[in-house]
């Protein structure tokens with residue numbers, strides 16, 4: 001199983017489509033934004049990486065909603081900056097504004113700490129400063145599914161297509177990736193599954209190298225197939241099936257197994273009880 005988790009991540013997407021606009025934010029720190037005014041007449045997609053923004057725009061041009069575009073953008077960010085934003089991200093926050101009705105809907109999809117993440121456990125002075133024991137239940141995926149249930153239109157096949165394509169065919173490594181890779185190379189090296197992907201022959205990647213994340217693409221394809229098989233029950237039911245496959249199915253079991261092998265605290269019940277919520 002490919003392992004690509006982060007504890008912080010950010011994606012900001014501002015889209016105006018006549019009647020609806022949405023801001024989707026994954027919180028983080030340390031990012032400086034270019035101070036350059038931009039404008040558009042039909043819509044706009046803004047993210048940390050041009051490939052992610054292109055993915056969101058591709059979805060809008062296909063007739064998707066702002067929610068569809070937001071999830072497509074976030075999924076690609078998981079490919080191009082896996083240390084910040086990805087399917088195993090700790091949380092999803094979203095504000096959806098309907099210009100026609102004036103309604104604002106907030107989505108809170110932060111995964112909880114594992115059951116075994118007690119204060120007593122973290123008082124241990126010998127506890128490693130980096131590792132799976134620091135991870136909370138991934139909230140991103142169910143947050144995406146709830147957003148698509150309420151405000152989406154396209155299928156997961158369409159929405160995840162850009163991320164699957166880039167994960168399979170590879171993306172060029174940029175300076176931000178190199179900085180993260182070099183800074184945490186020793187920690188990455190302690191986890192063979194992770195090192196097999198995020199180190200190149202045991203060493204950090206260099207700018208311009210191509211990184212392939214075929215297991216990530218495989219995971220996305222599995223989720224697409226789950227939705228497809230359940231579409232006969234209805235769109236929302238199919239998206240719920242994709243969420244269940246993650247939190248109450250094979251993906252959760254693989255994450256928990258990896259967690260137990262690498263000093264993490266996850267149990268299956270931590271995943272089974274999680275649901276993102278609208279406010």
Under the 7 Å Cα-to-Cβ spin-label approximation, residue 214 and residue 169 lie apart by a distance in nanometres of 1.7 nm
Between helix 214-230 and the chain: long-axis angle, C-alpha atoms, 0 to 90°, nearest 10: 50 degrees
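Shape verdict for the stretch 32-150, please, from the Cα gyration tensor: rounded (a/c under 1.5), prolate (a/b greater than b/c) or oblate.
Details: a/c = 2.60, a/b = 1.85, b/c = 1.40.
The shape class here is prolate.
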Could you grab the relative contact order for the chain? Cα pairs under 8 Å, six or more apart, rounded to a whole percent. 21 percent
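What 222 nm value per residue comes from the helices of the chain, counting each DSSP H run with n ≥ 4 as -39,500 (n - 2.57) and dividing by all residues, nearest 500 deg cm²/dmol?
Values: 13 runs with 124 residues, N = 279.
Mean residue ellipticity at 222 nm (helix-derived): -13000 deg cm²/dmol.
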Mind telling me which of 179, 81, 267 comes out most flexible in a GNM of the chain, alpha-carbon contacts under 10 Å? 179
Round to the nearest 10 and give me the degree value, 0 to 90, for the angle of helix 50-61's Cα axis relative to the longest principal axis of the chain. 30 degrees
Have a look at 141, 180, 83 and tell me which one the Gaussian network model of the chain (Cα, springs below 10 Å) gives the largest fluctuation. 180
Using Cα springs under 10 Å in a Gaussian network model of the chain, which residue among 175, 204, 162 shows the largest mean-square fluctuation? 175
If you line up the long axis of helix 66-80 against the longest principal axis of the chain, both from Cα atoms, how many degrees apart are they, to the nearest 10? 30 degrees
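Every number here is computed from the coordinates shown, using simple stated rules; none is lab data. Model, not experiment: these values are computed from the prediction. Every residue, glycine among them, receives a Cβ derived from its backbone with ideal geometry; neighbour counts consider all protein chains shown.
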